[in-house]
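Colleague: Questions regarding the structure given below will be posed in turn.
The values are calculated or read from the model by the stated rules, or taken from the named source; none is laboratory data. Fair warning: this is a prediction, and the values are worked out from it, not measured in the lab. To get the accessible areas, we keep the full protein, side chains included, count just its heavy atoms, and leave off ligands, DNA and RNA. Shrake-Rupley method; radii C 1.70, N 1.55, O 1.52, S 1.80 Å.
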Amino acid sequence: LLDKSDKYDSRDVERLQQDDKWVENYLIWRHDVVDDTLKMIDESFQWRKEYTVNDLTESVLPKWLFENGSLFLHGYDKEGYKLFWFRVKYHIRDQKQQLEKKKLVAFWLEHYAKRDHGKPLTVVFDMAETGISHIDLDFVRFIVNCFTDYYPNFLTKIVIFEMPWIMNAAFKIVKGWLGPDAISMLKFTNKSDVQEYISGEYLPPHMGGTDSFKYSYPPLVDDDFQTPLCENGPITSEDEHESKEEIDADAKETGDLNEEQNLNQKKMNSAEQISKSEESDKTEFKPKNAKKALTTFKGPLLHISPAEELHFGSKETGEKKCLIVLTNVTKNVVAFKVRTTAPEKYRVKPSNSSCEPGTSLDIIVSLHGGFAASLQDRFLIMAAEMDQSSGSGAPELSQFWKEVPRTKVMEHRLRCHVLESSKPSTLTLKENAFNIPAKTNEDLHIQLTHLLQINKRLHEQIDRCLWFQQLSVVLSLLSVTIVAFCFYLAYTQRS
């Protein structure tokens with residue numbers, strides 16, 4: 001396959017050689033049949049070169065394509081998969097524009113695949129208020145082919161909303177293009193049942209939902225992240241049981257202290273809390289140790305732990321806080337801000353600040369107001385280097401973010417994971433401490449003791465087996481010796 005690289009974009013060939021996950025997705029999508037997998041790679045690579053997929057940007061596509069609003073990414077389904085919307089009523093058949101429209105599809109798919117590392121999509125065909133003039137089977141076939149032939153393991157389901165009866169015959173043709181696997185992904189819905197797949201918070205009112213999102217361009221729709229949360233966040237009755245240290249910190253943050261003093265105060269509070277926890281329980285894990293165990297995203301400006309997911313508990317488990325650790329790996333001050341898809345749920349401290357060269361900074365993410373985390377919730381960390389001459393106060397940061405070019409901004413996204421167990425697998429914060437709960441350590445100790453006991457029993461069984469084996473060998477040798485001696489005696493007597 002790679003010998004024919006003149007047919008392909010060299011960047012795709014290089015990625016295939018280095019990205020095992022990409023190869024695995026091709027194999028999964030073709031049920032581990034190697035010949036079928038190679039055929040799909042060959043077809044998709046030729047298509048990627050023909051459509052110049054690696055070079056598709058906003059600047060090379062006509063602006064009216066984005067302004068049209070027929071295609072965009074927004075929201076998540078109930079399984080936490082991103083929604084790729086096709087608003088059919090805004091699509092008009094025009095052969096002269098067909099190639100550009102197809103390139104727009106490729107742009108969005110590639111944009112998301114690179115940004116979220118190939119996490120699958122759910123396609124929504126919103127066919128409300130459509131008629132015969134909107135039927136474009138060639139374009140629909142192209143979208144289907146993108147998922148069946150060009151983007152491996154990238155489709156979870158196709159939700160078709162309010163398909164007019166006049167299009168039944170057309171969709172029978174579409175089904176003919178799909179294999180049995182893809183046909184099983186088709187979900188025909190209307191207002192009464194669409195929420196089986198997508199919750200109301202990500203459905204527009206005409207689909208029976210409460211999502212007030214209105215598509216507009218520019219800017220490019222960017223994963224629905226809202227503006228950064230306010231530094232101290234609203235205090236509700238849910239927060240009244242917070243520790244004295246946190247309430248004091250909140251009061252100080254709303255005062256006249258500048259940003260640098262805020263950070264220093266938080267570091268002091270963190271140090272005090274850690275010191276107190278060390279005195280009260282020497283056996284508990286400390287954040288410093290816990291950080292080392294976390295997976296880390298190593299960006300050019302910041303290293304971020306955890307790398308992919310924030311682990312919250314369900315309503316039953318009650319884990320309501322997580323820690324994000326930022327480490328500045330540059331020689332300059334790095335400004336950062338945190339955005340979320342659910343600003344009404346979370347308090348983030350600090351959400352808009354800066355990190356000194358070579359230092360680490362802790363961001364506390366907490367649920368408030370009785371909310372529970374969900375798989376659809378996302379966090380975006382944006383970071384950019386600041387000039388040494390720039391200040392790090394709130395006014396300077398505000399001006400900095402207005403002026404910094406988008407190309408200079410590092411972005412990293414974190415998903416939410418809801419733990420059903422009370423044993424968190426990442427650094428989860430209890431209400432009054434930075435420690436992992438002592439109960440978790442006790443459980444781990446019990447499990448470890450149990451494993452050691454099992455290990456000891458296995459060693460004893462192995463030792464017994466070895467002893468019996470050695471005894472058997474000795475007895476066998478003794479038996480052979482006795483038999484040989486008997487034959488010798490019999491032989492000498494005959495002589």
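Colleague: Multiply the residue separation of Lys331 and Lys298 by 0.36 nm, subtract the distance between their alpha-carbon atoms, and state the gained length in nm to one decimal.
Modeller: Here the segment from Lys331 to Lys298 would lengthen by 10.3 nm.
Colleague: Now a separate question. Keeping all protein chains in place, calculate the accessible area per residue for the stretch 56-207 (probe 1.4 angstrom), answer in Å².
Modeller: Per-residue value: 42 Å².
Colleague: Shape call for the stretch 56-207 from the C-alpha gyration tensor, a ≥ b ≥ c root eigenvalues: rounded (a/c under 1.5), prolate (a/b greater than b/c) or oblate?
Modeller: rounded
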